[in-house]
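Notes follow the structure.
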Amino acid sequence: MSDDLLPHPATGELFSSPVPPGTGWPGEPATSETPAARTVAQVRRLAGDAERIGLDELDARVSVCRACPRLVRWREDVAHAKRASYADQPYWGRPIPGFGSPTPRILVVGLAPAANGANRTGRVFTGDRSGDWLFASLHRVGLATQGTSVHAADGLELVDTRLVATVRCAPPQNKPTTVERDTCSPWIEAELRLLAEHVQVVVALGAYGWDAALRSYGALGWQIARPKPRFGHGVEAALVGDGRSVTLLGCFHPSQQNTFTGRLTEAMLDSVLGRAAALSRAATD
Ligand code: SF4
């Protein structure tokens, strides 16, 4: 076994960093047998049969992907080095699958995991300041069972909502390259293919999430207005496909850059997520 075994902060179980697949991490979707993509062609192939394998296996395959050399190196280097304040914890150090309802009416699309947040806890937006803002707001508007998201064993559940990152591995400076974004895109497209029949509203966090939502629905053959709708906080756009319409809602990303400067306030975040909740209820009633 590795010599850097550390106890999970909730369960006390010992893990090395990064966490080997199938070793009991809370919420772990993979096993030691889950096939790992190492090239873009393998990502396309392993994501391509999502309808046959289903969401759980798709999550598992995402969580062991190794197709982007720079990101694999970065996520694992961070997992080994650890931020000083988390030096006593194991780091997940792997890609981050979607989290929340498997039949969501609301899909929230972010950018990429944070190096010391989701890359540490193994759950999207969990364990960083952006997540603190996002989950508190989701709870205030009735879309999460609790307002905090600290680690993957904290019992949090989302209500009719699923969170996904566009790029599933933590990138240096939060900036994936275009090649990395495109390499990862089959994963989000496959997930959307499985979820599309349920989703009524897509909340895009930042312009990156907005473009990813438009691209992913476009890849599924949905109509995207020309010129392409422009991102803005509170902006709404209609996506039409499969004989139905979905509302795309823009929301400033709850990054510290936005929340520290007051560009995004709690009221602004609640307003968009509350609107998403209301639209999804109206579409279902
Ligand atoms: Fe795989 Fe996506 Fe991570 Fe690249 S960013 S290694 S495609 S999960």
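Taken together, the values in this text are just the output of simple stated rules run on the coordinates, not laboratory data. The structure presented is a predicted model; accordingly, all values stated were derived computationally and were not measured. A quick note on method: Cβ atoms are made from the backbone with ideal geometry, for glycine too, and the neighbour counts reach across all protein chains shown.
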State whether one or more residues within the range 211-224 are farther than 19 Å from LEU249 by Cβ, within 12 Å of the ligand (Cβ to nearest atom) and either buried (at least 21 other Cβ atoms within 10 Å of the Cβ) or not charged (D, E, K, R) (or both).
no
Listed residues PRO18, PRO7; which is touching a residue at least 60 places away in the same chain (Cβ under 8 Å), surrounded by fewer than 14 Cβ atoms within 10 Å (Cβ to Cβ) and under 20 Å from ASP77 (Cα atoms)?
PRO7
THR23 vs. criteria under 21 Å from the mean Cα position of the chain (by Cα), surrounded by 14 or more Cβ atoms within 10 Å (Cβ to Cβ) and not in a helix (DSSP H, G or I)
no
Take ALA152 and decide whether it is away from the ligand (no atom under 13 Å from the Cβ), part of a loop (DSSP other than H, G, I, E, B) and on the phi < 0 side of the Ramachandran plot.
yes
Is there a residue in the range 127-137 that is more than 16 Å from the ligand (Cβ to nearest atom), in a helix (DSSP H, G or I), out of contact with any Asp or Glu (no Cβ under 8 Å at 6 or more places or on another chain) and of a type in the set (D, E, K, R)?
yes
Identify all residues within the range 242-258 that are surrounded by fewer than 18 Cβ atoms within 10 Å (Cβ to Cβ) and under 22 Å from ARG105 (Cβ atoms); write none if there are none.
ASP242, GLY243, ARG244, SER245
Looking at the range 66-94, which of the residues that are touching a residue at least 40 places away in the same chain (Cβ under 8 Å), within 16 Å of the ligand (Cβ to nearest atom) and not in a helix (DSSP H, G or I) is surrounded by the most Cβ atoms within 10 Å (Cβ to Cβ)?
ARG94
For the range 95-116, give me the residue count where each residue is of a type in the set (A, V, I, L, M, F, W, C) and part of a loop (DSSP other than H, G, I, E, B).
5
Of LEU239, LEU205, which residue is crowded, with 18+ Cβ neighbours inside 10 Å and over 26 Å from ARG123 (Cα atoms)?
LEU239
When ASN119 is evaluated against the numbered criteria (1) buried (at least 24 other Cβ atoms within 10 Å of the Cβ); (2) part of a loop (DSSP other than H, G, I, E, B); (3) touching a Pro at 6+ places or on another chain (Cβ under 8 Å), which criterion, by number, is the only one it fails?
(2)
When the range 264-285 is examined, which residues are found to be among the hydroxyl-bearing types (Ser, Thr, Tyr) and free of Cβ contacts under 8 Å to residues at least 40 places away in the same chain?
THR265, SER271
So which residues in the range 155-192 are more than 16 Å from the ligand (Cβ to nearest atom) and either surrounded by fewer than 17 Cβ atoms within 10 Å (Cβ to Cβ) or not polar (S, T, N, Q) (or both)?
GLY155, LEU156, GLU157, LEU158, VAL159, ASP160, ARG162
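Has the range 99-107 got at least one residue that is in contact (Cβ under 8 Å) with a residue 24 or more places away in the chain, surrounded by 19 or more Cβ atoms within 10 Å (Cβ to Cβ), within 16 Å of the ligand (Cβ to nearest atom) and aliphatic (A, V, I, L, M)?
no
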Residues being among the basic types (Lys, Arg) and assigned to a loop (DSSP other than H, G, I, E, B) - total across the range 252-285:
1
When residues of the range 31-65 are limited to those that are in a loop (DSSP other than H, G, I, E, B) and within 12 Å of the ligand (Cβ to nearest atom), the one surrounded by the fewest Cβ atoms within 10 Å (Cβ to Cβ)
THR39
